[in-house]
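The values are calculated or read from the model by the stated rules, or taken from the named source; none is laboratory data. It should be emphasised that the depicted structure is a prediction, and the values quoted were computed from it without experimental measurement. A quick note on method: Cβ atoms are made from the backbone with ideal geometry, for glycine too, and the neighbour counts reach across all protein chains shown. Surface areas here come from the heavy atoms of the whole protein model, side chains and all, with no ligands, DNA or RNA. Shrake-Rupley method; radii C 1.70, N 1.55, O 1.52, S 1.80 Å.
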Amino acid sequence: MKNIEELTKINNRQKIEIENLNLNAAKIQDQLEENIAALEEVKAAVGLKSKTSEKTEEAKTSNNISHNSLNNTYSSNTTKNNYDLSSEISDLKTSLISLSKQTLSQKSEIDESIVSVSDRLDYLRHVPSIAPVNAKITATYGYRKNPFTSRGSEFHEGVDFGAPYGTDVVATADGTVSFAGYKSGYGKMVVISHGYGFTTCYAHNSAILVKEGDKVKRGQVISRVGNTGRSTGPHLHYEVKLNGKNVDPEKYF
């Protein structure tokens, strides 16, 4: 009678251990699925491919199989009257180890994806994407009549914003000031290097508020609208260059 009581206690402890193994497996599975879902949302938000890779889908399916195996083993054995479930526990631990390995594989892929997301976010921070001043465009990019002689045409390499004298001018993306000073024709000018092949130019300012080498953020005030250089009145001349060539700034705000 004493042996039966002891075996019953052992059996009950083993059943509890089996239940705990299943709970651990369920937590691993749920957490992993939450991580993958969160990652996909972030990737979609920054324009990266949101569909999970075949590797992730295969691992997810395999995880579900392992988890189901744990549950099935638990269900089939909790209804038995066996006094020793050591073999079943060993099988469950083996399955849990397999599930953990698959989880680590998925974590590795998630970590790689996070690097891609970080790179994408860095790119987005450094690409010009807003107007440099809150004002109406008075001259667009491309050929136009010469504003000084009203005869012939010239190629306008940026856009002009007709803003009141002293209006704030902001950086249109994160970057580093590569020039801040006076340049013939452009007057007081700021040039920002953004990386990824992008540079922006802000000309005819009345005041410059940054210096060469300064790190600036999108939206940071860098100068004030003025009428310096070759200008017919207070305005901001704004240019965007990609890989050294002027492009239409209106595509970037």
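Computed values, structure above
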{"read-out": "Those trypsin sites (Lys or Arg not before Pro) in the stretch 109-202 that DSSP places in a loop and that have at most 15 other beta carbons within 10 Å", "value": "Arg151"}
{"read-out": "Solvent-accessible surface ranking, highest first, for His194, His126 at 1.4 angstrom", "value": "His126, His194"}
{"read-out": "Gyration tensor (Cα) of the stretch 106-253, equivalent ellipsoid semi-axes in angstrom", "value": "32, 17, 12"}
{"read-out": "Kirkwood estimate for the stretch 129-198, i.e. one over the average of 1/r between Cα atoms, Å", "value": "14.1"}
{"read-out": "Sequence of Tyr252, Tyr143 when ordered by accessible area, the most exposed leading, probe 1.4 angstrom", "value": "Tyr143, Tyr252"}
